[in-house]
Amino acid sequence: MQKILNYINGEWVEPNVSEYVDVINPATGAVIARTPLSRAADIDAAAQAAGDALPAWRRTPAQDRIQYLFKLRDLLKSNNDEIARTITNECGKTFDESKAEMVRAIENVEVACGIPMMMKGEVAEDIAPGIDELMLRQPVGVCATIAPFNFPGMIAFWYLPYVLATGNAYIMKPSEKVPMTMQLIFRLIDQLGLPKGVINLVNGGKEAVDAILDHPVIRAVTFVGSSNVAKYIYSRAAANGKRVQAQGGAKNPVVVLPDADMDMAVKIIADSAFGCAGQRCLAVSWAVTVGEARHQFNEAICDAAASRTVGYGLDAGIQMGAVINSASKARIEQLIGLGASEGASLPVDGRGTVIKGYENGHFVRPSILMDIQPKSEIWKTEIFGPVLGVMHINTIDEAIALANSGAYGNQASLFTSSGSAARKFRYEVDAGNIGINIGVAAPMAFFPFSGWKESFFGDLHGQGMDAVEFFTQKKVVVERWPKEWTRKF
Ligand code: NAD
């Protein structure tokens, strides 16, 4: 069984702990590793190493810093299959989904390579006679990321490349459920020859997180996970004077108008709802048909759900993998039951799924809850599994009002061929990401990424220029150079 280690000050180290969490292959149920629950002392060691590395690293020219990122990009690409296999084995998604996840990670490394351009400051000469004003961007210091289980590779890269490129030092804490991908990625990072302490990896759970939130050397924290924890992270880190952004959960609607290309809509909505077994913060979770759309949509979406091939993500032809663990499977099945008890019908019921050859795996087939009620518990609750609720509404205005009455605001999608309906939707819907004829509106790395409302706590988002802003602080310098001094030369 693979040993999970921390990477602190350029060395692989075993934390001195007595508590571990089993890492399970969701498709086989086998224990494939054990995550050590690092203590506050381990975070302290990482923070000290990062703090010590910071002065020299921030003085390293940006052009030199990004040379490490070019190398990292090449290593991620050449090791892509092994990384994707590791993601599938610890997280359950299909091999293609794992590879796609790393495409988004690499994209962020590529964008961060533009840092010499993105980080440069501004100058205004002669704002008064002999006086110039400059705005400089300087690193915030030691930064840390706390990640969720559902993208073991990608999510760190919304931050990591920008942290390094902007001259900060870094601590990464993966989800204790999926530590293996970062073990592999840090083996590649170890080959870069970065100065010791610039980047560190600490495995653990709540104690490690709390130590990050309280450590005085750590100046900025990014978090991705469920909304309750996001809220906690945001308030505790901010109370300790840190810069913080915390991405939370989601309950994403999709509205289908009668003028949509229905074949396209059904295919894309099924991919969004059931891709990654629904364990994606941009998965559509409830669909609203407007007017006549339901006649074609309802039957077709049920067919799409029922015909999906479910199994071990490394096997050929598999379209959907397992959910993360037995607790998650039990919760999803319980929520499907709740939807039915609230009056929805269950034309496609994925409960009780057993896959031949993988009898100990944690599988839930795609499920459709038809005619869920607005404001019911199943309409409100994030399921984080392959379950789509469907409802009918008479007008787009009512659909938008309902979407806006939900607690979350991560994403909302519309399927239509009407430009004016699309324009209205993108203008009026309260969500951070809007898809028009798109099911997973994941922004490219050069756009900011985050939700609104209960899906996000903070201000600046992840990726692109927002990440550059988040990981730098602005300093304004006003300089006087009297004419007589200039004349001397
Ligand atoms: P989670 O909130 O359980 O865990 C996320 C991280 O927080 C982990 O590293 C974990 O160790 C830590 N953590 C958990 N409980 C904690 C506590 N009480 N105190 C301190 N730290 C704690 O989330 P998860 O189950 O790993 O991931 C799924 C959730 O993440 C879903 O809600 C999903 O919507 C959300 N998510 C959001 C985005 C986004 O961009 N908005 C992206 C991916 C996932």
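A few comments on the model shown:
- Residue in segment 360-382 that is of a type in the set (A, V, I, L, M) and more than 30 Å from Val290 (Cβ to Cβ) present: no
- Condition check for Pro448: open to solvent by 10 Å² or more (accessible area, probe 1.4 Å) and either in the same structural domain as Val429 (by TED's automatic domain parsing) or at pLDDT 95 or above (or both): yes
Yes or no, residue by residue, for (1) under 25 Å from Asn203 (Cα atoms); (2) within 16 Å of the ligand (Cβ to nearest atom):
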{"residue": "Leu54", "(1), (2)": "yes, no"}
{"residue": "Gln67", "(1), (2)": "no, no"}
{"residue": "Asp81", "(1), (2)": "yes, no"}
{"residue": "Asn89", "(1), (2)": "yes, no"}
{"residue": "Phe95", "(1), (2)": "yes, no"}
{"residue": "Lys99", "(1), (2)": "yes, no"}
{"residue": "Ile115", "(1), (2)": "no, no"}
{"residue": "Gly141", "(1), (2)": "yes, no"}
{"residue": "Ile146", "(1), (2)": "yes, yes"}
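- Scanning segment 451-472 for residues that are assigned to a helix (DSSP H, G or I), open to solvent by 20 Å² or more (accessible area, probe 1.4 Å) and in contact with a Lys or Arg (Cβ under 9 Å, 6 or more places away or on another chain) yields one hit, Glu469.
- Within segment 242-274, restricting attention to residues that are more than 16 Å from the ligand (Cβ to nearest atom) and among the basic types (Lys, Arg), the residue that is surrounded by the fewest Cβ atoms within 10 Å (Cβ to Cβ) is Lys267.
- The residue list Gly462, Gly432 contains one member that is assigned by TED's automatic domain parsing to the domain that holds Asn168 and under 15 Å from the mean Cα position of the chain (by Cα), which is Gly462.
- Members of segment 15-27 found to be of a type outside the set (A, V, I, L, M, F, W, C) and within 10 Å of Glu90 (Cα to Cα), listed by number: Asn25, Pro26
- Applying the set (1) surrounded by fewer than 22 Cβ atoms within 10 Å (Cβ to Cβ); (2) more than 16 Å from the ligand (Cβ to nearest atom); (3) in contact (Cβ under 8 Å) with a residue 12 or more places away in the chain to Asn325 leaves exactly one unmet item: (2).
- If you check Thr88, Thr94, Thr28 for being touching a residue at least 12 places away in the same chain (Cβ under 8 Å) and in contact with a helix residue (DSSP H, G or I) (Cβ under 6 Å, 6 or more places away or on another chain), only one passes: Thr88.
- Screening the candidates Thr166, Thr222, Thr181, Thr145 for the property of being farther than 28 Å from Gly121 by Cα and in the same structural domain as Ala56 (by TED's automatic domain parsing) yields one hit, Thr181.
- Among residues of segment 213-241 being more than 9 Å from the ligand (Cβ to nearest atom) and among the aliphatic types (A, V, I, L, M), the one that is most open to solvent (accessible area, probe 1.4 Å) is Ala239.
- Whether a residue is away from the ligand (no atom under 11 Å from the Cβ), closer than 23 Å to Ala156 by Cα and of a type in the set (D, E, K, R) was assessed, and Arg308 does not pass this test.
The values are calculated or read from the model by the stated rules, or taken from the named source; none is laboratory data. Just so it is clear, the structure is predicted and the values come from calculations on it, not from any experiment. Reconstructed Cβ throughout: ideal geometry from the backbone, glycine too, with neighbour counts over all protein chains shown. Accessible surface areas use protein heavy atoms only, side chains included; no ligands, DNA or RNA. Shrake-Rupley method; radii C 1.70, N 1.55, O 1.52, S 1.80 Å.
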